[in-house]
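*Asks:* Mind looking over this structure? Questions follow.
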Amino acid sequence: MKKTALRSAGLAGAVAVGLALTACSSGGGATADGPAEIDFWGWAPGYADAVAAYNASQDDVKVNYEEVSPGAKGGYEKMLNAVTAGNAPCLGQVGYETLTSFAAQGALEDVSDIAADDEGDFSAATWAAMSVGDAVYGVPVDQGPMALFYNTEVFDALGIAVPTTWDEYKAAAQQIHAADPSKYISATYLNYDYAGFDWQAQAPWFGVDGDSWNVSIDSPEGGEVASYWQGMVDEGLLSPAPMWDQSWYTGLGDGSIATHVGAVWIAGILKGSAPDGAGKWAVAPMPQWNAGDEITGNVGGSGTAVLKGCDNPEAAWDFAHFMSTDADTYSALVESAGLYPAATDLLTLPVLSEGDDYFGGQNIYEVFAESSEHVADGWVWGPNMPETVGFLDDGLSGAWAGTGTIADALATTQQKTVDALEAQGLSVSE
């Protein structure tokens, strides 16, 4: 590969400073006659190849990649322990929903000064996901804009038009279930998948006001979303198959679950776990609360975060930006990991312009590119999301089963989250 100059004009000087740092620095050692070295921990398929591509593109910085267990399965704990011990890598893969937890624990470096010129390279939602208040903690990598996955065979057999509003979606649910009581328009949703509906409705769960966390999980706007889905439950219009259960995959494959409203990466789930649905599925824009609106939510995505103690943040940022914006490198990530770019210029990558046989030859990424442009602003993840979604899932599971309500689940989650944050010594307002 042809060697290229580093993107940032000021990076060479910053690296020169890094060369004088001691070998025990948390960013990785360097020698006077060799490149500065930074370490990067992650787990996504293709990340090792992205590191190799960057290292081949220039001579001033060498990135050392270590694959760790996926975040919640041990990777996050390892990163946090390393930060505490003072020997963390410069960079770590961190999911958007977890970034605020890292920030609340003081485990991240604010690189807003370095990042300022690059904000326009990314969608507003993903940039906000790597930020808390005015602080920026890393580079967005991918995103999960939402759309409607639907079984064309089911809809065509009943002559149902693809719903464009949530009212039309409910009418379609009634028609499908009336025609065959063993069929449902959708199964139920938990944690971050449910959050996507509140995100679309511009009902954020958290906000930052100075040094205080605002918690609004049971907001009036969120209550309207809860009321809608409660109505679906009360009429028996949702499949009892839990999301991610084998019965869910079976339903998606045999047509007894006719839609899923979710993120772009659901395409890979369908192809890998519901092969019997091949050729029967398509993608359409997410239903809207008001006809004519174009507002969507987001589920999933991660960034490359700069961990506390990194001695070469400029070099770390240069690599992280490269991995998220270099067309050839990211095309390989699309193919190996099914990632969907956070960088707006990459939404027209050739790899994203091909038809997909599973979806009847449709180029589904055209729908998601449009969705990406309309993800609602203002969503902030809280400082301890694993705990918050644990409270939520307890309540939602009962609501879907008919032993509680979604409104009660949100109210209980609100109170338990506030109590837990205050117990941690955080300032909280409601």
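The values are calculated or read from the model by the stated rules, or taken from the named source; none is laboratory data. Note that the structure is a prediction, hence the values are computed from the model and not measured. So basically every Cβ, Gly included, is an ideal-geometry build from the backbone, and we count neighbours across all protein chains shown. Remember, those area values only see protein heavy atoms, side chains included, never the ligands or the DNA or RNA. Shrake-Rupley method; radii C 1.70, N 1.55, O 1.52, S 1.80 Å.
*Asks:* Each residue of the stretch 113-122 in turn: what ³J(HN,Hα) in whole Hz from Karplus with 6.51, -1.76, 1.60 and θ = phi - 60°, glycine and Pro shown as x?
*Replies:* Result, rounded to whole Hz: 5, 6, 7, 3, 6, 9, 4, x, 7, 10.
*Asks:* Could you tally the net charge around Thr296, taking each other residue with its Cβ under 10 Å from the Cβ of Thr296, Lys/Arg +1 and Asp/Glu -1?
*Replies:* -4
*Asks:* Quick one: which residues, 5+ away or cross-chain, put their amide H under 5 Å from the amide H of Val208? H built at 1.01 Å from N.
*Replies:* Result for Val208 returns Asn214.
*Asks:* Which residues' amide hydrogens lie under 5 Å from the amide hydrogen of Thr165, considering only partners 5 or more residues apart or on another chain, with H built in the peptide plane?
*Replies:* Residues meeting the amide H criterion: Gln288.
*Asks:* While we're looking at this one, here's another question. Would you mind getting the accessible area per residue of the chain, heavy atoms of the protein chains only, 1.4 Å probe, in Å²?
*Replies:* 40
*Asks:* Now a separate question. Could you order peptides 43-50, 201-208 by the average number of other Cβ atoms within 10 Å of their residues, highest first?
*Replies:* Averaged packing, sorted descending, gives the order 201-208, 43-50.
*Asks:* Can you work out ³J(HN,Hα) from phi for every residue in the stretch 353-365, in order, using Karplus 6.51 cos²θ - 1.76 cosθ + 1.60 and θ = phi - 60°, giving whole Hz and x for Gly and Pro?
*Replies:* Couplings: 10, 9, x, 10, 4, 4, 9, x, x, 5, 8, 5, 5 Hz.
*Asks:* Something else: Against the longest alpha carbon principal axis of the chain, how many degrees, from 0 to 90 and to the nearest 10, is the axis of helix 75-85 turned?
*Replies:* 30
*Asks:* Moving on. Could you give me the ³J(HN,Hα) list for the stretch 243-256, computed from phi with Karplus coefficients 6.51, -1.76, 1.60 and θ = phi - 60°, whole Hz, x at Gly and Pro?
*Replies:* 4, 6, 6, 4, 5, 5, 4, 4, x, 5, x, 9, x, 6
*Asks:* Would you mind putting 284-292, 414-422 in packing order, based on average other-beta-carbon counts within 10 Å, highest first?
*Replies:* The most tightly packed comes first, giving 414-422, 284-292.
*Asks:* Indicate, rounded to the nearest 5 percent, the antiparallel portion of the DSSP beta bridges found entirely in the chain.
*Replies:* Taking every DSSP beta bridge within the chain, about 65 percent pair in antiparallel fashion.
*Asks:* Now a separate question. Quickly rank 155-163, 256-264, 127-135 as a protection proxy: mean count of other C-beta atoms within 10 Å, highest first.
*Replies:* The packing order, highest mean first, is 256-264, 127-135, 155-163.
*Asks:* Counting pairs of alpha carbon atoms under 8 Å apart in space and at least six apart in sequence, what relative contact order in percent does the chain give?
*Replies:* 26
*Asks:* Here is a further query. Rounded to a whole number, what % of the accessible area of the chain do carbon and sulfur atoms account for, probe 1.4 Å?
*Replies:* Carbon and sulfur atoms account for 49 percent of the accessible area of the chain.
*Asks:* How high is the relative contact order of the stretch 295-430, in percent, with contacts defined as C-alpha pairs under 8 Å that are six or more residues apart?
*Replies:* The normalised contact order for the stretch 295-430 reaches 17 percent.
*Asks:* Using a/c under 1.5 as the rounded threshold, could you call the stretch 312-430 rounded, prolate or oblate? The axes a ≥ b ≥ c are square roots of the C-alpha gyration tensor eigenvalues, and prolate needs a/b larger than b/c, oblate otherwise.
*Replies:* Note, shape of the stretch 312-430 comes out oblate.
*Asks:* Also, quick follow-up: Helix 47-57 sits at what angle to the longest principal axis of the chain, using alpha carbons and giving 0 to 90 degrees rounded to 10?
*Replies:* It is inclined by approximately 40 degrees.
*Asks:* Local charge sum around Glu387 (other residues, Cβ-Cβ under 14 Å, Lys/Arg +1, Asp/Glu -1)?
*Replies:* Net local charge, Glu387 excluded: -4.
*Asks:* Taking amide H positions as placed in the peptide plane 1.01 Å from N, state which residues far from Ile257 in sequence (5 or more) or on other chains have amide H under 5 Å from it.
*Replies:* Tyr184, Leu252
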